[in-house]
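Shown next, in structure tokens, is the structure this report addresses.
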Amino acid sequence: LVNVARSAPHRSDLGLVTDWLATEMGRLGVFVHWGRTMDAAAVLAAHPDTVVVATGSWPRVDGLQRGAPGIRVDGVDLPHVVGPVEVLRDGAGKGVRRALVFDDLGTYPAIGVTEHLLVAGVPVTLATSQPMLGAELGPSLQRDPAAQRLGGYPGFTFVSRVALTRVEPGTATLRHLDSGVEQQEAADLVVLVTGFEPQHALFDELRLLHPNVVIVGDALAPAYLGHAIATGHRAGTTI
């Protein structure tokens with residue numbers, strides 16, 4: 001997902017990390033098999049002494065929200081409800097008249113996908129359960145520059161302290177967390193930034209079949225890039 005995130009406006013710096021890691025693997029003589037899907041049988045056929053599973057995580061689009069955990073959102077199974085990857089990598093914003101990005105995290109993915117759509121000329125309402133835009137980005141000094149940039153786009157609207165309650169073709173319904181008042185927003189694309197689901201099925205299977213299996217990164221627990229690198233480093237130094 002780092003290579004997807006680096007495609008968002010002002011986030012190309014993320015690619016420096018993955019580019020450096022790829023260069024280091026080449027320098028150290030690590031043999032990489034590109035474009036291969038590995039299941040448990042294929043892993044075991046390679047007769048490894050140790051298996052490190054780094055299968056990552058995937059954005060959730062189930063509508064569950066930590067800001068309003070009791071709400072089950074109607075309509076999240078509609079085809080115009082997507083995660084950020086479908087927009088940044090797969091071009092889901094093409095031909096869209098207006099988008100709603102719902103952010104339950106207060107981190108950068110919602111800002112990145114919002115700005116990506118705005119650059120493409122799509123008006124966007126960024127709605128969040130948090131009290132402010134990019135609530136978790138203050139310590140990294142990213143919040144204020146991002147807020148200033150987004151505020152400069154004529155098609156940008158921001159709504160805070162809301163939950164997403166319903167999605168219908170062409171509209172999304174938000175409920176204000178303080179007043180309970182609902183409002184509708186026009187949207188023929190709804191992007192959910194509500195969390196990530198660890199992809200650990202391969203680990204769960206292999207741990208029953210092989211004595212030395214370690215899980216790292218977002219497959220262990222979705223977190224920041226530094227966490228993924230640290231867990232991978234820890235695994236590598238213990239082999």
- Among the chymotrypsin sites (Phe, Trp or Tyr not before Pro) within the stretch 1-90, which fall in a DSSP loop and have no more than 12 other Cβ atoms within 10 Å of their own Cβ? Phe31, Trp34
- Message: Loop only by DSSP, 16 or fewer other Cβ within 10 Å of the Cβ. Give me the chymotrypsin sites (Phe, Trp or Tyr not before Pro) in the stretch 162-238 that pass, ordered by residue number.
- Response: Tyr224
- So what does Thr194 come to for accessible area, using a 1.4 Å probe and Å² rounded to 10? 10 Å²
- Please turn the phi angles of the stretch 102-112 into ³J(HN,Hα) values with the Karplus equation 6.51 cos²θ - 1.76 cosθ + 1.60 (θ = phi - 60°), one per residue in order, whole Hz, x for glycine and proline. 9, 10, 9, 10, x, 10, 6, x, 5, 5, x
- Task: Name the long-range amide H neighbours of Ala8: under 5 Å, sequence gap of 5 or more, or other chain; modelled H, no Pro or chain starts.
- Result: none
- Query: Put +1 on the Cβ of every Lys and Arg and -1 on every Asp and Glu Cβ in the stretch 166-239; which of Ala235, Tyr224, Leu177 then has its Cα farthest towards the positive end of the dipole?
  - Reply: Ala235
- Message: Given Cβ point charges of +1 (Lys, Arg) and -1 (Asp, Glu) and nothing else, what value in debye, to the nearest 20, does the dipole of the chain about its Cα centre take?
- Response: 340 debye
- Query: In the calculated pair distance distribution of the stretch 40-187, what percentage of Cα-Cα distances lie above 26 Å?
  - Reply: 30 percent
- Message: Can you give me the long-range amide H partners of Val53? Hydrogens built in the peptide plane at 1.01 Å from N, cutoff under 5 Å, separation of 5 or more residues or another chain.
- Response: Val214, Ile215, Val216
- Query: How much mean residue ellipticity at 222 nm does the chain get from its helices, if each DSSP H run of length 4 or more adds -39500 (n - 2.57) and you divide by all residues, to the nearest 500 deg cm²/dmol?
  - Reply: -8000 deg cm²/dmol
- Message: Taking the Cα centre as origin and putting +1 on Lys and Arg beta-carbons and -1 on Asp and Glu beta-carbons, what dipole magnitude results for the stretch 1-43, to the nearest 20 debye?
- Response: 60 debye
- If you take every DSSP beta bridge whose two residues both sit in the chain, what share of them, in percent to the nearest 5, is antiparallel? 45 percent
- Item | Nearest-20 debye value, the stretch 136-217 charge dipole, Cβ charges on Lys, Arg, Asp, Glu | 200 debye
- Task: Identify the residues of the stretch 90-116 with backbone N under 12 Å of a label point that sits 7 angstrom from the Cα of Thr157 along the Cα-to-Cβ direction, or state none.
- Result: 98-101
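The values are calculated or read from the model by the stated rules, or taken from the named source; none is laboratory data. No experiment lies behind these values; they were computed from the predicted model shown. No Cβ is skipped: glycine too gets one built from the backbone with ideal geometry, and neighbour counts run over all protein chains shown. Side chains are part of the model used for accessible areas, which takes the heavy atoms of the whole protein and leaves out ligands, DNA and RNA. Shrake-Rupley method; radii C 1.70, N 1.55, O 1.52, S 1.80 Å.
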